[in-house]
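Readers should treat all values here as calculations from the given coordinates under stated rules, not as data from a laboratory. Computed from a prediction, not measured in an experiment: that's the story for all the values here. Neighbour counts are summed over all protein chains in view; Cβ atoms, including those assigned to glycine, are modelled from backbone coordinates with ideal geometry.
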Amino acid sequence: MPVLVMKFGGTSVATLDRIRRAAKRVGVEVAKGYDVIVIVSAMSGKTNELVGWVNETSPMYDAREYDAVVSSGENVTAGLMALTLQEMDIPARSWQGWQVPVRTTSAHASARIEEIPPANIMGRFADGMKVAVVAGFQGVSPEGRITTLGRGGSDTTAVAFAAAFEAVRCDIYTDVDGVYTTDPRVESKARKLDRIAFEEMLELASLGAKVLQTRSVELAMRYKVKLRVLSSFEEQSDDAGTLVCDEEEIMESNVVSGVAFSRDEAKMTLVSVADRPGIAAAIFTALSEGGVNVDMIVQNISEEGRTDMTWSCPVDQVMRAEKSVEKAQSDGVINYHELIADREVAKVSVVGIGMRSHTGVAAKMFQVLSGEGINIKVITTSEIKISVLIDRKYMELAVQALHDAFELHKPA
Ligand code: ADP
Ligand code: ASP
Ligand code: MG
């Protein structure tokens, strides 16, 4: 039998009623003759609550125990989904990551999937099981401990299963009916895209569009998984939602195809560091060893042998960054006057493969922001994106103004 992967996110399994509704969708696909692998998230809000408990108990927590706690939300929904399907007379069984097993690296809280041997689940399909319900977001390390894949990781579980089982398609059921030109919760004029190129989706995801976890898009691109995003709340036809596909499969696209944002950023500046060869290496090694995910970096021109170094990172990592830099100072690895943290910034980005062949996108973006009186603090660019760091209070305004200026509400 052909295998289909269906993933249901947190809002789609938030209550027993919604689990029933999702199970009905699964029943429709089973009736078409598929063996179905259902990947479930925790009920919405559950993972946040678990993360909160960990932080309250131990702010500089041991990541192994973080994973032990936060992986548990998915176990509940996997069992409930299997029971719901059984009540509908559909032969179903739940699987936690370690039972499959979903083998991952031991990078706790952000582990990568290394291997999913299909034999176990395939054997059960051969015995008449119709649906394997798998707890998303979790796996098992070479040391035999439970790992998690980073926030939003159930998307990656789903795509990894689709690749390992050579599924006909990987359907991501969520609370919006596809991928939009920007988050429809921030810009009501956002337009649903019928198709989006892997590379654009990869940028949008990594720049903050949480509709798909970045790693899931990477995997889909690498293993040529047919990936679709659609709503779990509406009746669905076979071409509903958004297909994430190769660039060649898209006929027309705008120069800019989407606007992404990341709300909870911080900007940190190390003031007056002794400038010498190896100083950037020393600072960023310290931050990396402290578990800080540095994003943008700017170094000022140095004066009299001293310079300022600025970077951005997630706002909840500011404390880790401070501790790492202070330790490097006391170890004599770096020498600086002051560390300033601005916790009130956000990153806004425009993305589009059309930027490869069109000039002037950056100039237009900066004009639009200046027209709204928004000051740009840091800029980074790549071939198909431009990102700026701005005051968080202007984030929505910036997203809406850019969406308007690049006419994203109009089809290409
Ligand atoms: P799930 O719980 O199903 O995994 P998520 O909350 O992780 O759902 O992702 C879906 C959300 O992503 C939407 O509700 C929407 O607010 C947000 N989002 C951000 N950017 C986009 C975009 N470009 N298109 C669609 N949704 C987006
Ligand atoms: N429950 C996890 C989270 O909220 C994983 C997921 O939903 O994808 O991050
Ligand atoms: Mg998600």
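Hey, among the residues in region 54-81 that are within 16 Å of ligand 3 (Cβ to nearest atom) and among the β-branched types (Val, Ile, Thr), which one's nearest to residue 150 (Cα to Cα)? In this case the residue turns out to be 70. Taking region 145-209 as the region of interest, the strands (runs of 3 or more DSSP E) fully inside it that hold 1 or more residues being within 8 Å of ligand 1 (Cβ to nearest atom) and under 27 Å from residue 18 (Cα atoms) are 170-174.
Residues in region 365-395 that are of a type in the set (D, E, K, R) and either touching a strand residue (DSSP E or B) at 6+ places or on another chain (Cβ under 9 Å) or within 18 Å of residue 310 (Cα to Cα) (or both): 377, 385, 391, 392, 393.
Restricting the first member to region 354-381 and to residues that are more than 23 Å from residue 250 (Cβ to Cβ), and the second to residues that are assigned to a helix (DSSP H, G or I) and of a type in the set (Ser, Thr, Tyr), the beta-carbon pairs closer than 9 Å and six or more apart or on different chains are 369/394; 372/394; 373/394; 374/394; 375/394; 376/370. If you go through region 148-192 and pick out every residue that is under 20 Å from residue 73 (Cα atoms) and away from ligand 2 (no atom under 13 Å from the Cβ), you end up with 1.
Across region 3-41, the qualifying residues are those that are within 14 Å of ligand 3 (Cβ to nearest atom) and outside any helix (DSSP H, G or I), and the one among them that is surrounded by the fewest Cβ atoms within 10 Å (Cβ to Cβ) is 14. Contact map, region 388-403: first residue within 14 Å of residue 190 (Cβ to Cβ), second residue among the polar types (S, T, N, Q) and not in a helix (DSSP H, G or I), Cβ cut-off under 8 Å, separation 6 or more or different chains; pairs are 399/182; 403/181; 403/182. Among the residues of region 288-301, which ones are among the small types (Gly, Ala, Ser) and surrounded by fewer than 16 Cβ atoms within 10 Å (Cβ to Cβ)? If the condition is that a residue be among the small types (Gly, Ala, Ser) and surrounded by fewer than 16 Cβ atoms within 10 Å (Cβ to Cβ), then 288, 291 are the ones that fit. Could you list all residues from region 86-120 that are aliphatic (A, V, I, L, M) and in contact with an Asp or Glu (Cβ under 9 Å, 6 or more places away or on another chain)? Hits for region 86-120 are 102, 109, 111.
For region 388-412, a residue qualifies if it is of a type outside the set (Val, Ile, Thr) and touching a Ser or Thr at 6+ places or on another chain (Cβ under 7 Å), and the qualifying residues are 389, 403, 408, 412.
Hey, any hits in region 215-237 for a residue that's within 16 Å of ligand 3 (Cβ to nearest atom) and part of a loop (DSSP other than H, G, I, E, B)? Checking region 215-237: at least one residue is within 16 Å of ligand 3 (Cβ to nearest atom) and part of a loop (DSSP other than H, G, I, E, B). Considering the conditions (1) within 30 Å of residue 321 (Cα to Cα); (2) assigned to a helix (DSSP H, G or I), residue 59 is excluded by exactly one of them, (2).
Kindly indicate whether residue 138 is within 16 Å of ligand 2 (Cβ to nearest atom), touching a Leu at 6+ places or on another chain (Cβ under 9 Å) and touching a residue at least 24 places away in the same chain (Cβ under 8 Å). Criteria met by residue 138. Residues considered: 26, 76, 40, 13. Of these, the only one that is within 14 Å of ligand 2 (Cβ to nearest atom) and under 23 Å from residue 225 (Cα atoms) is 40.
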